[in-house]
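Quick one: the structure is below, and I'll ask about it shortly.
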Amino acid sequence: QVQLVESGGGLVQAGGSLRLSCAASFSIFSINSMGWYRQAPGKQRELIAEVTSGGSSNYAHAVKDRFIIYRDITKNTVYLQMNSLKPEYTAVYYCNEVPRRRPWGLGTQVTVSS
């Protein structure tokens, strides 16, 4: 059963914005932490943002002040608002628990052109 479905990626120019969505097939209400990860070509997957059940958020240094993570527990969905995008943000973006416990979804491709 598919548990996580990411969407919202696409091709955008540098400086632009995108909002990613992650729809979960399970209730995220009691999940301690949900996060967004990304995997750039030739690189390992990395955690870039997380939101806790208490509503606090944490970001990797590379995206801090540019990205905002938030969740809607009524829709079991986690969002990632990405602003001021840079070409180096080109990657496949995934969501999962933090630490990862669920099977990975297919991710959503984000391509930032210069």
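The values are calculated or read from the model by the stated rules, or taken from the named source; none is laboratory data. Predicted model, so just to flag it, every value in this text is computed and none were measured. Ideal geometry is used to build each Cβ from the backbone, glycine not excepted, and the neighbour counts take in all protein chains shown. Accessible surface areas use protein heavy atoms only, side chains included; no ligands, DNA or RNA. Shrake-Rupley method; radii C 1.70, N 1.55, O 1.52, S 1.80 Å.
Among the residues of segment 64-76, is there at least one that is at pLDDT 95 or above and closer than 13 Å to residue 15 by Cα?
yes
Could you list all residues from segment 50-61 that are within 20 Å of residue 18 (Cα to Cα) and under 14 Å from the mean Cα position of the chain (by Cα)?
Across segment 50-61, the qualifying residues are 50, 51, 57, 58, 59, 60.
Could you list, in sequence order, all residues of segment 65-97 that are open to solvent by 30 Å² or more (accessible area, probe 1.4 Å) and either on the phi > 0 side of the Ramachandran plot or in contact with an Asp or Glu (Cβ under 8 Å, 6 or more places away or on another chain) (or both)?
65, 76, 84
Is there a residue in segment 16-24 that is closer than 18 Å to residue 106 by Cα, open to solvent by 80 Å² or more (accessible area, probe 1.4 Å) and under 14 Å from the mean Cα position of the chain (by Cα)?
Checking segment 16-24: at least one residue is closer than 18 Å to residue 106 by Cα, open to solvent by 80 Å² or more (accessible area, probe 1.4 Å) and under 14 Å from the mean Cα position of the chain (by Cα).
Take the conditions surrounded by 17 or more Cβ atoms within 10 Å (Cβ to Cβ) and aromatic (Phe, Trp, Tyr) and apply them to residue 59. Does it pass?
Values: surrounded by 17 or more Cβ atoms within 10 Å (Cβ to Cβ): yes; aromatic (Phe, Trp, Tyr): yes.
The answer is yes for residue 59.
If the Cβ limit is 7 Å and pairs must be 6+ apart or interchain, which residue in segment 18-34 that is touching a residue at least 40 places away in the same chain (Cβ under 8 Å) and basic (Lys, Arg) pairs with which residue that is part of a loop (DSSP other than H, G, I, E, B) and open to solvent by less than 60 Å² (accessible area, probe 1.4 Å)?
That search, which allows pairs on different chains as well, returns 19/8.
Matching residues to (1) without any contact (Cβ under 8 Å) to a residue 40 or more places away in the chain; (2) more than 15 Å from residue 37 (Cβ to Cβ):
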residue: 58; (1), (2): yes, no
residue: 69; (1), (2): yes, no
residue: 78; (1), (2): no, no
residue: 89; (1), (2): no, no
residue: 94; (1), (2): no, no
residue: 103; (1), (2): no, no
residue: 111; (1), (2): no, yes
residue: 114; (1), (2): no, yes
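Identify all residues within segment 98-114 that are surrounded by 14 or more Cβ atoms within 10 Å (Cβ to Cβ) and in a loop (DSSP other than H, G, I, E, B); write none if there are none.
98, 100, 102, 104, 105, 107
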